[in-house]
Amino acid sequence: MKISRTRTAMAVVAVGSVLAVAGCSSAGDGADESASLRYWLWDSNQLPAYEQCVEDFTAANPEITVEIEQVGWNDYFETLTTSLVGGDAPDVITNHASFYPELATNGQLLPLDDVAVDLTSFREGLAERWIGQDGKRYGLPKDWDTVATLYNVDYVTEAGYAAEDLADLDWNPTDGGSWEQVIAHLTVDANGVRGDEPGFDKSKVEVYGLGLKAKSGIGAFGQTQWSPYALTNDWTYADENPFGTDFNYGEDEYIATIEWWAGLIEKGYMPSYESAISGTSIQEAYGAGRYALVTDGSWNAKAYFSMTGVTTALAPLPIGPSGERAGVLNGLADSVLASTEHPDAAEKFVGYLATADCQDIVADAAVVFPAVASSSEKARAAFDAAGIDVSVYFDAVDAGAFVEAPIADKWSSILAIMEPAVEAVLLGQGDADTLRAAAGEVDALFD
């Protein structure tokens with residue numbers, strides 16, 4: 001049941017105003033005229049595959065050249081705003097479902113309804129997510145993703161657990177359930193004392209039971225952080241999805257979830273937020289042996305399994321008070337900016353990116369799951385061939401154990417409000433009132 005990235009270097013400095021630029025008109029080009037396009041990609045792990053896609057596309061369309069620019073995720077949309085303001089925006093972008101409505105509302109995206117693409121080739125539900133409030137299509141699906149638990153097999157075995165033990169855990173906001181019990185037992189201090197044993201020193205933790213990813217939509221989205229908990233605690237993002245206008249960040253279920261989750265820091269089972277934002281990524285900390293468990297997306301699975309000195313495996317998310325599991329299901333797409341001087345060429349390029357010809361290349365790289373259903377299965381086979389069983393991700397989606405990523409106008413403003421509020425709680429500088437106040441500001445955006 002549905003509980004409903006050729007040029008790789010681009011040094012940029014993000015500025016404040018997010019996605020508040022007025023739309024720009026584009027100059028038309030003839031379909032056969034020469035064109036030079038710039039394409040933004042944020043995932044460097046996918047760069048080689050897309051370089052091959054570009055090579056194949058330009059071989060078939062020699063009048064069009066494409067330059068890939070890799071722009072990091074953390075500043076991606078702020079950097080995009082800067083480029084739009086400065087008149088230096090790319091032609092085609094990798095786009096995120098939560099952000100595109102704002103771009104479309106501002107007239108910054110070209111409708112793609114006339115691009116000849118077989119919409120039935122995509123995995124169920126992905127194409128529909130890119131139809132805006134005006135009924136026009138603003139993205140062609142490129143991939144899909146969800147989250148699961150990744151764990152250090154040696155740590156889990158040393159703690160006396162087997163894979164089966166991690167497959168049937170539950171959580172609740174009162175005592176954390178068997179999920180918190182496992183997290184506590186996997187936590188080990190400098191003296192070798194576990195988090196659930198007498199004498200545990202939470203000020204000198206060597207291995208945290210659960211890792212913590214900073215930023216990355218931590219306040220409003222929480223895909224790789226708190227979403228598996230809140231979404232199984234009788235809570236969801238908004239009154240409707242897509243295009244909800246009544247958000248639920250002030251509800252008791254959300255607040256109880258955030259408070260419980262932040263409490264793992266206080267207990268010493270999860271690292272401090274200060275350490276999470278200090279420059280060491282969750283993957284680096286995991287690879288260094290600092291975390292036993294992490295909750296992360298399918299797009300990062302290969303990175304974890306490729307780490308030297310760490311044996312990694314996957315497990316399902318815990319079952320919540322609702323009696324179900326739920327991870328956020330998201331899917332990226334390619335979009336054409338309205339400011340492009342070559343709309344015909346740009347549309348031709350995004351049309352190609354949305355075909356199995358390109359997505360099969362992406363599939364063979366075993367980094368993400370492409371949107372084209374047949375390519376997605378090829379990716380699964382490529383992961384298997386690399387020794388990575390990604391069935392947990394596929395099984396969760398096939399079983400409907402997911403909530404679709406929120407698609408809403410003013411998403412950048414929602415992030416700007418909720419992120420510092422949740423960070424304050426994690427830092428011990430905020431509480432339930434902080435979250436309720438922030439929720440009120442979100443509500444005011446739609447008054």
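The values are calculated or read from the model by the stated rules, or taken from the named source; none is laboratory data. It should be emphasised that the depicted structure is a prediction, and the values quoted were computed from it without experimental measurement. We place every Cβ from the backbone using ideal geometry, glycine too, and count neighbours over all the protein chains shown.
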Assuming Gly139 fulfils every condition listed in (1) under 27 Å from Phe243 (Cβ atoms); (2) small (Gly, Ala, Ser); (3) surrounded by fewer than 15 Cβ atoms within 10 Å (Cβ to Cβ) apart from one, which condition is it?
(3)
Report yes if Ala89 is over 26 Å from Val328 (Cα atoms), of a type in the set (Gly, Ala, Ser), touching a strand residue (DSSP E or B) at 6+ places or on another chain (Cβ under 9 Å) and modelled with pLDDT of 95 or more, otherwise no.
yes
Val92 versus (1) assigned by TED's automatic domain parsing to the domain that holds Leu415; (2) among the β-branched types (Val, Ile, Thr); (3) over 30 Å from Ser391 (Cβ atoms): which is the lone unmet condition?
(1)
Considering each residue of the stretch 352-384, count those that are under 30 Å from Ala163 (Cβ atoms), among the β-branched types (Val, Ile, Thr) and part of a helix (DSSP H, G or I), and give that number.
1
Test result for Thr149, modelled with pLDDT of 95 or more and assigned to a strand (DSSP E or B):
yes
Only one of Gly135, Gly139, Gly160 is on the phi > 0 side of the Ramachandran plot, out of contact with any Gly (no Cβ under 8 Å at 6 or more places or on another chain) and assigned by TED's automatic domain parsing to the domain that holds Ser44, namely Gly135
Condition broken by Asp239, with the remaining ones in (1) under 22 Å from Asp409 (Cα atoms); (2) within 20 Å of the chain's Cα centre (by Cα) satisfied:
(2)
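Tell me whether the stretch 221-236 contains one or more residues that are part of a helix (DSSP H, G or I) and in contact with a strand residue (DSSP E or B) (Cβ under 7 Å, 6 or more places away or on another chain).
yes
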Candidates Val390, Val403 - the one that is β-branched (Val, Ile, Thr), buried (at least 21 other Cβ atoms within 10 Å of the Cβ) and more than 30 Å from Gln108 (Cβ to Cβ):
Val390
Could you look through the stretch 48-86, keep only residues that are touching a strand residue (DSSP E or B) at 6+ places or on another chain (Cβ under 9 Å) and β-branched (Val, Ile, Thr), and pick out the one that is nearest to Ser413 (Cα to Cα)?
Thr79
Inter-residue pairs, beta-carbon under 8 Å, first over 15 Å from Asp143 (Cα atoms) and in the same structural domain as Asp357 (by TED's automatic domain parsing) and in the stretch 45-56, second assigned to a helix (DSSP H, G or I) and of a type outside the set (D, E, K, R), 6+ apart
Gln52/Ile361; Asp56/Cys358; Asp56/Ile361
Among (1) under 30 Å from Val362 (Cα atoms); (2) at pLDDT below 95, Ala276 falls short only on (1)
Among the residues of the stretch 182-222, the number that are over 23 Å from Trp235 (Cα atoms), within 29 Å of the chain's Cα centre (by Cα) and not aromatic (Phe, Trp, Tyr) is 11
State whether the residues of the stretch 183-204 include one that is of a type in the set (Val, Ile, Thr), assigned to a helix (DSSP H, G or I), closer than 21 Å to Asp296 by Cβ and in contact with a Gly (Cβ under 7 Å, 6 or more places away or on another chain).
yes
Among the residues of the stretch 424-431, is any in the same structural domain as Leu47 (by TED's automatic domain parsing), touching a helix residue (DSSP H, G or I) at 6+ places or on another chain (Cβ under 8 Å) and either under 24 Å from Pro141 (Cα atoms) or surrounded by fewer than 21 Cβ atoms within 10 Å (Cβ to Cβ) (or both)?
no
Would you please list the contacts, defined by Cβ atoms under 6 Å and residues six or more apart or on different chains, that run from a residue in the stretch 368-388 that is over 21 Å from Leu119 (Cα atoms) to a residue that is surrounded by fewer than 24 Cβ atoms within 10 Å (Cβ to Cβ) and of a type in the set (Phe, Trp, Tyr)?
Ile388/Phe305
Evaluate the following for Gly387: is it in a loop (DSSP other than H, G, I, E, B), at pLDDT 95 or above and over 17 Å from Gly125 (Cβ atoms)?
yes
When you go through Thr340, Thr295, Thr311 one by one, which is the residue that is modelled with pLDDT of 95 or more, farther than 30 Å from Thr105 by Cα and crowded, with 21+ Cβ neighbours inside 10 Å?
Thr295
